[in-house]
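*Asks:* Quick one: structure below, then a few questions.
Here, each number is a calculation from the coordinates, and none is a lab measurement. Everything numeric in this text was worked out from a predicted model, so none of it was measured. Every residue, glycine as well, gets a Cβ built from its backbone with ideal geometry; the counts of neighbours run over all protein chains shown.
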Amino acid sequence: MSDPTSLPGMHIPARTFLQTSRKGLDSVIEHCGDLSVVDCAQILNWIETKVPNTIQHRRHVYGGLVQAHACTIVLASRISPFPGHENPAASHTDPLNDEPMRQWLELGWKRQLDAKSQEWPPVDVDRECLHIFEERLFERSARAGVAGHHQWGCDTEGHQNGWNPYEGLPEEWDHEDYTYDESKDSRVATTQPDDGPPAKKRKPVESEKMVLRSRKKDSARKKT
């Protein structure tokens, strides 16, 4: 399993694809045809539970040649029955390498390359990231704390043209897991924090003392 060249005589369309693409046999093969996420998960589960030593060679299985060839077999079986399945006794002594098997696997591989799953609609990644960012800004939750209590604009006057940034937000952004105290939270929003007592002068650490001594020595040398 860890050595894709160990079966040179077996026809494996995914291996031929890697070789003709001048890619290493340990490269990732992203093609899975119109198999669903559940289909791919079931294939990997079958490999891991039925094929010996799979756990030790997971990096050669997941997303690699082993998984890709298993997908080819599943897709081919959905197109036509396994060659010789109706009458195994009539098949050749080596059915994995005969011409009907090669044609059968090529059908599966063609579907694996051309067909697309309907479970993968296009996604605007920038839009999704912006949506998550805006939720973090405006959510009302225990995680947001006081900041989620309509704080935007409370430290200044109203927004331009009366704009309300909290109008029309999705209902799920209000997690309803935080209780706001109007008598306290409003003061947090409108009161500017005082400067507090002056900070104490920090004593220089040993590394800073060494730098100061070095600078003094350099200055003394220049004067002499």
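*Asks:* Report the FRET efficiency, 1/(1 + (r/R0)^6), for Val28 and Ser141, where r is their Cβ-Cβ distance and R0 is 35 Å, rounded to 0.05. List each step's numbers first, then the result.
*Replies:* Numbers: r = 38 Å, r/R0 = 1.09.
For Val28 and Ser141, the calculated efficiency is 0.35.
*Asks:* Mind listing the long-range amide H neighbours of Arg140? Cut-off is under 5 Å, sequence gap 5 or more, other chains count too, H placed in the peptide plane at 1.01 Å from N.
*Replies:* Close amide H contacts, sequence-distant or interchain: Asp174, His175.
*Asks:* Roughly how large, in nm² to one decimal, is the mean projection of the convex hull of the alpha-carbon atoms in region 35-78? Before the final figure, lay out the partial values.
*Replies:* Details: hull surface 11.6 nm².
Averaged projected area of region 35-78's Cα convex hull equals 2.9 nm².
*Asks:* Further question: Quote the FRET efficiency, to the nearest 0.05, computed for Ser80 versus Asp126 with a Förster distance R0 of 45 Å and r equal to the Cβ-Cβ distance. The partial results should precede the final answer.
*Replies:* On the way: r = 43 Å, r/R0 = 0.96.
Rounded to the nearest 0.05, the efficiency is 0.55.
*Asks:* With label points built 7 Å along Cα→Cβ from the Cα atoms of Asp98 and Leu169, find their separation and express it in nm.
*Replies:* 6.9
*Asks:* Write down the Å³ per residue value for the convex hull defined by the alpha carbon atoms of region 100-150. List each step's numbers first, then the result.
*Replies:* Working: hull volume 5.9 nm³, N = 51.
So the per-residue hull volume is 115 Å³.
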